[in-house]
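Colleague: First, the structure itself, so that you have it in front of you.
The values are calculated or read from the model by the stated rules, or taken from the named source; none is laboratory data. For clarity, every value in this text was computed on a predicted model and none was experimentally measured. FYI the Cβ positions are ideal-geometry reconstructions off the backbone, even for glycines, and counts take in every protein chain you see.
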Amino acid sequence: MGLIEITKNISYLPASEDPLSSDVVFITKGNKTYIFDVGANDEAAELINGITDEKIVVVSHFHQDHAANVGRIKFDELYASKETIKHTHTGRVISDKIGFDDITALTVPSSHAKGCVIVVCGDFAFLGDCAYAGFKHGKRLYNVYQLGQLIKLLEGLDVKYFGMSHYKNFIYEKETVLTMLREQYAKRTAGCDFIEAIGRRED
């Protein structure tokens with residue numbers, strides 16, 4: 001499939017369905033390449049291993065489609081949440097946020113998985129799956145509190161665009177994503193901790 005350029009120094013490998021593998025973001029800064037998520041397919045692993053620059057990896061969360069290649073790639077540093085590192089068995093913990101050059105990785109509240117991390121660079125925030133519902137009792141559900149906190153955090157980011165893993169177009173305007181999340185949040189009811197997700201992803 002190959003890399004798709006977003007800006008002169010940011011590109012991504014689109015997600016795949018078979019095997020299920022996340023979008024993988026590459027940000028080049030001088031002689032360093034920052035990689036957000038490592039996917040699960042051969043193409044992602046080969047692309048990462050083919051980079052000769054210093055490689056700093058950030059993994060958004062522990063689900064296999066985002067993290068399976070950790071054991072197949074070479075890197076100089078890897079950062080993730082404590083929960084993700086329980087699964088990857090390697091890396092340094094991001095407990096709140098950490099900065100690299102003009103890139104920031106920070107933990108965010110998410111209904112999708114415990115310990116989600118996003119990466120912010122310039123006009124872009126790459127969200128992985130943090131804006132998606134989780135699965136509980138066969139249903140796609142948002143946790144009301146976590147969704148409310150996520151919306152507040154995303155509103156406060158000084159960016160123009162969000163990268164949404166597995167979505168058809170990957171890059172969306174910030175307000176488009178926030179509108180979708182606010183619509184989900186508006187479905188909450190008094191006394192209920194969860195909201196059943198409306199609509200479906202553009203897989």
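Colleague: Name, by its number, the condition in (1) exposed (fewer than 14 other Cβ atoms within 10 Å of the Cβ); (2) closer than 19 Å to F36 by Cβ; (3) of a type in the set (A, V, I, L, M, F, W, C) that does not hold for C192.
Modeller: Every condition holds for C192 apart from (2).
Colleague: Here is a follow-up. Any chance you could count how many residues in segment 106-122 are among the polar types (S, T, N, Q) and either surrounded by 24 or more Cβ atoms within 10 Å (Cβ to Cβ) or outside any strand (DSSP E or B) (or both)?
Modeller: The total comes to 2.
Colleague: Going by the conditions given, is S81 buried (at least 16 other Cβ atoms within 10 Å of the Cβ), closer than 30 Å to Y185 by Cα, free of Cβ contacts under 8 Å to residues at least 60 places away in the same chain and under 17 Å from the mean Cα position of the chain (by Cα)?
Modeller: Yes: the conditions hold for S81.
Colleague: Which residues, counting only those in segment 147-178, are exposed (fewer than 11 other Cβ atoms within 10 Å of the Cβ) and either among the charged types (D, E, K, R) or in a helix (DSSP H, G or I) (or both)?
Modeller: K152, D158
Colleague: Kindly list, by first and then second residue, each pair from a residue in segment 95-123 that is closer than 15 Å to I56 by Cβ and in contact (Cβ under 8 Å) with a residue 24 or more places away in the chain to a residue that is hydrophobic (A, V, I, L, M, F, W, C) and part of a loop (DSSP other than H, G, I, E, B), limited to pairs with Cβ atoms under 9 Å and residues at least 6 apart or on different chains.
Modeller: Sorted first by the residue in segment 95-123, then by its partner, the pairs are A105/I94; V117/V59; V117/I94; V117/C130; V119/L127; V120/L157; V120/V159; C121/V159.
Colleague: Quick check on this structure: which one of F124, F100 is over 27 Å from A186 (Cβ atoms) and of a type in the set (F, W, Y)? Don't jump to the end; show me each part of the working.
Modeller: Details: F124 fails: over 27 Å from A186 (Cβ atoms).
Within the list F124, F100, the selection yields F100.
Colleague: I would also like to ask the following. Looking only at segment 54-78, how many residues end up being surrounded by 14 or more Cβ atoms within 10 Å (Cβ to Cβ), over 15 Å from the mean Cα position of the chain (by Cα) and in a loop (DSSP other than H, G, I, E, B)?
Modeller: 2
Colleague: Additional query: For segment 1-36, give me each residue that is assigned to a strand (DSSP E or B), of a type outside the set (S, T, N, Q) and surrounded by fewer than 15 Cβ atoms within 10 Å (Cβ to Cβ).
Modeller: Hits for segment 1-36 are I4, E5, E17.
Colleague: Of (1) touching a Phe, Trp or Tyr at 6+ places or on another chain (Cβ under 7 Å); (2) closer than 19 Å to S11 by Cβ, G122 satisfies all except one. Which?
Modeller: Answer for G122: the failing condition is (1).
Colleague: With C116, C121 as the choices, which residue is touching a Ser or Thr at 6+ places or on another chain (Cβ under 6 Å), closer than 18 Å to V38 by Cα and modelled with pLDDT of 95 or more?
Modeller: One residue alone meets the criteria, C116.
Colleague: Okay, moving on. Of the conditions (1) surrounded by 13 or more Cβ atoms within 10 Å (Cβ to Cβ); (2) touching a Cys at 6+ places or on another chain (Cβ under 8 Å), A45 fails just one. Which one is it?
Modeller: (2)
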